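The values are calculated or read from the model by the stated rules, or taken from the named source; none is laboratory data. These numbers were taken from a predicted model, which means no experiment stands behind them. Note that we place each Cβ from the backbone using ideal geometry, even for glycine, and neighbour counts take in every protein chain shown.
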Amino acid sequence: MTETVEEAVAPDLVAYPAPETPRGRYLADHEGLMGTLFLAPAVLYIVLLVGIPFFLAIAFSVTDVTVGNTSMDFVGLDNFRRVVTTPQFRRALLNTFFFAVVTQIIVIILANILALIMTRDFPGKWLARFAIILPWATPISLGTIGWLWILDSKFSPIDWVLQQIGLLGPDTLLGPGRHLLYLGREELAMGSVILVHVWRILPLATVILMAGLTSVPQDLLDQAEVDGASFSRIHFQVVLPLILPIMSIALLFGLIFTFSDMVVAFVLTRGGPVYYTQVLPLWAWFKGIDGGSLSEGAAIALFIFPVLLAVAILILRSARRSEVA
Amino acid sequence: MKELKSWPQRIMVYGLLLLFVFFAAAPFLIMLINTFKADQDLYRPQNNPFLYNFPPTLDNLRLLFEGTNYLVFVRNSMIIGVLVVLITLVIAIPAAYSLARLAGRWGERAGIMIFLVYLVPPTLLFIPLFRVVVAVGLNDTIWSLVLVYPSISIPFSTWLLMGFFKSIPRDLEEAAMVDGYSRMMAFFRVVMPLSWSGVIAVIVFTFTLTLHEFVYALTFISSSAQRTISVGVPIELVRGDVFFWQSLLAAAVIVAIPVGIVYNMFLDRLVAGFTMGAVKG
Amino acid sequence: MAFVELNGLRKEFGEVKAVNGVDLSIEEGEFIVILGPSGCGKTTLMRMIAGLEKPTGGNIVINNEDVTRLPPRAREIAMVFQSYALYPHMSIFDNISFPLRARKEPRQEIEEKVEWAAGILGIERLLERRPRQLSGGERQRVALARALVKEPAVMLLDEPLSNLDAKLRASARDELQRFQRSLGITTIFVTHDQIEAMGLGDRIAVMNAGKVRQIGTPQEIYDDPADTFVATFLGSPPMNLLDHQRYYVGFRPENFLPAQVLSNGAPVKTFPFRVGRIENLGSDRLLYGTIADEEEDRTVSKLPSTVEVSIEPGEAYEFVVRDDNLRYFDKGTGLRMPPQAT
């Protein structure tokens, strides 16, 4: 129908050429130029300081470059072979995953509870929020120093409290020593690292979940109550599915921050006792900067990336899919 | 915001809340107390750590401010913070606008790419970047950090601001253009005033990033006078095997409290931008 | 040369031809309505005239100047958006004076012009408020004041009444018309609402699928539609179209009346009409029924309440249409045909 109407209604359609782009005084409207110009510095920064170093890292890992030696000779997969066969590496790899995953599990559960509480109104809420945010707001290294003291082998306040209530010391449940060596014993040290990670990440996850909770339409909650659902049913069957996308984002950020973090381990245990709390980022620093073997450090660090990428893509995809329109 | 209903419910909720608050804030309380604790008090394991068994003292603070480079660290961190915030704003705001408005379809995808760039951690790039920094001659200066920190803050800030800009109706910019402004001027007069929350979120996020960052600061800088708070405090305030604990903990608390207050004030805006970018970006 | 000329205007978004060759000439001071369903290209057309979209082909001439390459601020146009687009962070005064400030006019003049525009629209007392404190009708007037204050050559209105309450719309329409008549600004008004169009325009351009189907006065378009689209888009209920071999026979419901009502001797065509259901609207009765062997109750007759004829559902009656009220449309193209012998 359109063809014949065209002939009938507009028989002398002349092909006018497309208009040119604005010049001169209308440069500030030239959107193509503006778009590129505005974007260029950011792209430059990313390419130069993220993109190129990334490829350099790969290059380093397959050469014999060190801090002292500026020449780079190709050595193939030697570095990787050397690194992967050490027990420290395997422990570090395991720990990195273990700490990240366990932290996130604990955090998500706690954050859900805390977010539910914090979305209520109560007196002193500002103060409560301040207290809860503090671990996240504090620089990581400084917060960890606080825990370094609290978990100290001689002066730990926790030990003191446990002694006072009779759980620590000779002839007690947790005795006979007067001190639990939080950073000196393998399992306790690992637990301590996880503890500090949880302490630090919980505020972030809580805040994100709070935002998610407040975005649930009140209508739905009212409807569910009218339908006769109990609190836990409402929460698990109505609220949780709706905040799943946001929860995935919280999970993603938490995982990334824990997985790629070297500060907590550095300040708290330096990877000890022995290497029982070693993690990949810290090990990379030890080998690469502290030890001077840039190539081995790079090789170790590279193990972090694929996992990060895979996790990020997975979570972003599932967040998209689970989004309720 | 729902009100709490029954008394047993209230007790349970308040109780839980108290536990969480205690868990979060106890370390800071202890740090604060210890700041003023005398050596004789602190280093006796049988003393109550929560009370002053000896009179409190300002000696530890004096040591911190006069006997260490702490104030130098603070100065360095402030300078770096301000500069990095400026650089980030100047680069990220136009970039975000470009992606939100001017790039059409591939702007969406670019936004996600940018977000993914943010996920590349410093613990991966610090080794090659160390080499780059040495090559450029900025090794062991705060300028190395001023140069490198934006590479972390720009991707995230761009992504955050994209969300904000997209939420402003196109109508308003177009009306401004019809009213007689070029697109650039329309941006400054209409879009920017309405995006203050986003800009503040970027400022807060970027500044605290420079305060928190550890890996680059540890790697690029070795002289005490060039160090930042984040690295200077744990490294420098330990002389050999001796920990000057009170000063150490004081150093941490002095930074933590103001930053916490600022975060609390801007939290809502921070999260708004965050989630807007995440869910709609 | 007309005041505004659109020649061969085209806009393509990739594969999609949003505007597919539009020619339009608008006289100075004219109030022309561009009417069409959603997606017909009318908004895209308006945005091209404003300079917010770059045409893929064709050109636009305003007041003897080819403006096709010029950005919005270089054209002497003002636009009222469907959402009114009031700047939320500015007072009403600042909103209205915004275009004048863009032109860097002196403060005294700005104040005078804003007072003048606000006076015409009756919003002087709102000047210190913020947009969010205003009602829909008030916001619309502010948008108009802002458009007016530029003293533009052409005013573009993009469905400005669709966000108003139904009751408000009729009086707003009335005011808008008087407003335009007294000021004499060439106005292009875009809408999907045919009642609005019929009530407001000096001429109406009916658009569908990126093309203008017909241009004419409201009466011309209503009485002599150029094709089936125009015929069925205008009129409520739309024109009846009967399938008749190679063509459609069309007649409007108000011309389809019981035989005994139209008995003044003019030549008529008779149709046996079985009434299915009746809607009593107060001022009219709508009779839905079938003619001959139709399946559903598709044919409609509109009986004014002043006609006191008893009609029962389920009964068959003799209905007639005057010959000169019959319209014929080609089945293949949908275009109007000269009267056919049946």
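Taking B:ARG227, is it without any contact (Cβ under 8 Å) to a residue 12 or more places away in the chain and surrounded by 20 or more Cβ atoms within 10 Å (Cβ to Cβ)? Steps first, please.
Working: without any contact (Cβ under 8 Å) to a residue 12 or more places away in the chain: no; surrounded by 20 or more Cβ atoms within 10 Å (Cβ to Cβ): yes.
It is false that B:ARG227 is without any contact (Cβ under 8 Å) to a residue 12 or more places away in the chain and surrounded by 20 or more Cβ atoms within 10 Å (Cβ to Cβ).
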Read through the list (1) in contact with a strand residue (DSSP E or B) (Cβ under 7 Å, 6 or more places away or on another chain); (2) modelled with pLDDT under 90; (3) more than 30 Å from C:GLY57 (Cβ to Cβ), then give the number of the only condition that C:SER263 fails.
(1)
Quick check: anything in the range C:190-201 in contact (Cβ under 8 Å) with a residue 40 or more places away in the chain, surrounded by fewer than 16 Cβ atoms within 10 Å (Cβ to Cβ) and assigned to a loop (DSSP other than H, G, I, E, B)?
no
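Does C:GLU105 qualify as being more than 10 Å from every other protein chain (Cβ to nearest Cβ), part of a loop (DSSP other than H, G, I, E, B) and under 23 Å from B:LEU194 (Cβ atoms)? Walk me through how you get there before you give the answer.
Working: more than 10 Å from every other protein chain (Cβ to nearest Cβ): yes; part of a loop (DSSP other than H, G, I, E, B): yes; under 23 Å from B:LEU194 (Cβ atoms): no.
Here the answer is no, as C:GLU105 does not meet what is asked.
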Tell me which of these A:LEU162 doesn't satisfy, since it passes every other one: (1) surrounded by 20 or more Cβ atoms within 10 Å (Cβ to Cβ); (2) in contact (Cβ under 8 Å) with a residue 60 or more places away in the chain; (3) of a type in the set (A, V, I, L, M, F, W, C).
(2)
Identify all residues within the range C:61-80 that are under 24 Å from B:LEU102 (Cα atoms), more than 8 Å from chain A (Cβ to nearest Cβ) and of a type in the set (Val, Ile, Thr); write none if there are none.
C:VAL67, C:ILE77, C:VAL80
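Residue by residue, here is whether (1) within 25 Å of B:GLN246 (Cβ to Cβ); (2) touching a residue at least 24 places away in the same chain (Cβ under 8 Å) holds:
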{"residue": "A:LEU180", "(1), (2)": "yes, yes"}
{"residue": "A:LEU188", "(1), (2)": "no, no"}
{"residue": "A:ILE201", "(1), (2)": "no, yes"}
{"residue": "A:LEU220", "(1), (2)": "no, no"}
Pairing a residue in the range C:16-39 that is at pLDDT 90 or above with any residue that is among the acidic types (Asp, Glu) and not in a strand (DSSP E or B), where Cβ atoms lie under 6 Å and the two sit 6 or more apart in sequence or on different chains, gives C:GLU30/C:ASP202; C:PHE31/C:ASP202
Helices (runs of 4 or more DSSP H) contained entirely in the range B:105-208, each with at least 2 residues that are modelled with pLDDT of 85 or more and more than 8 Å from every other protein chain (Cβ to nearest Cβ):
B:122-135, B:142-148, B:150-166, B:170-178
For the range C:312-341, how many residues meet the condition of being within 28 Å of C:ILE278 (Cβ to Cβ) and surrounded by fewer than 17 Cβ atoms within 10 Å (Cβ to Cβ)?
9
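Examine the range A:63-79 for a residue that is in a helix (DSSP H, G or I), more than 14 Å from chain B (Cβ to nearest Cβ) and surrounded by fewer than 20 Cβ atoms within 10 Å (Cβ to Cβ), and state whether such a residue exists. Before you say what the answer is, go through the steps one by one.
As a first pass, look at the range A:63-79 and keep what is in a helix (DSSP H, G or I): A:78-79.
Still in the running and more than 14 Å from chain B (Cβ to nearest Cβ): A:78.
Subset that is surrounded by fewer than 20 Cβ atoms within 10 Å (Cβ to Cβ): A:78.
Yes, the range A:63-79 contains a residue that is in a helix (DSSP H, G or I), more than 14 Å from chain B (Cβ to nearest Cβ) and surrounded by fewer than 20 Cβ atoms within 10 Å (Cβ to Cβ).
So, restricting to helices (runs of 4 or more DSSP H) that lie completely within the range A:245-324, which ones have at least 1 residues that are in contact with a Gly (Cβ under 6 Å, 6 or more places away or on another chain) and facing chain B (nearest Cβ under 10 Å)? Reasoning before the result, please.
Values: elements: A:263-268, A:280-285, A:294-302, A:304-321.
Answer list for the range A:245-324: A:280-285, A:294-302.
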Let me confirm something: among C:GLY58, C:GLY8, C:GLY21, which residue is buried (at least 24 other Cβ atoms within 10 Å of the Cβ), more than 13 Å from chain B (Cβ to nearest Cβ) and in a strand (DSSP E or B)?
C:GLY58
Can you name every one of the helices (runs of 4 or more DSSP H) wholly within the range A:146-237 that holds 1 or more residues which are of a type in the set (A, V, I, L, M, F, W, C) and more than 25 Å from B:LEU51 (Cα to Cα)?
A:186-214, A:218-226
Any idea how many residues of the range A:101-124 are of a type in the set (S, T, N, Q), assigned to a helix (DSSP H, G or I) and either under 12 Å from A:LEU213 (Cβ atoms) or without any contact (Cβ under 8 Å) to a residue 12 or more places away in the chain (or both)?
1
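For the condition within 12 Å of chain B (Cβ to nearest Cβ), within 26 Å of the chain's Cα centre (by Cα), exposed (fewer than 15 other Cβ atoms within 10 Å of the Cβ) and in a helix (DSSP H, G or I), what is the one hit in A:PHE130, A:PHE55?
Details: A:PHE130 fails: exposed (fewer than 15 other Cβ atoms within 10 Å of the Cβ).
From the options A:PHE130, A:PHE55, the qualifying one is A:PHE55.
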Among B:ILE11, B:ILE33, which is the only one that is outside the structural domain of B:ILE254 (by TED's automatic domain parsing), surrounded by fewer than 17 Cβ atoms within 10 Å (Cβ to Cβ) and not acidic (Asp, Glu)?
B:ILE11
Here are some residues: B:VAL271, B:VAL231, B:VAL262. Which one is assigned to a helix (DSSP H, G or I), under 18 Å from the mean Cα position of the chain (by Cα), aliphatic (A, V, I, L, M) and modelled with pLDDT of 90 or more?
B:VAL231
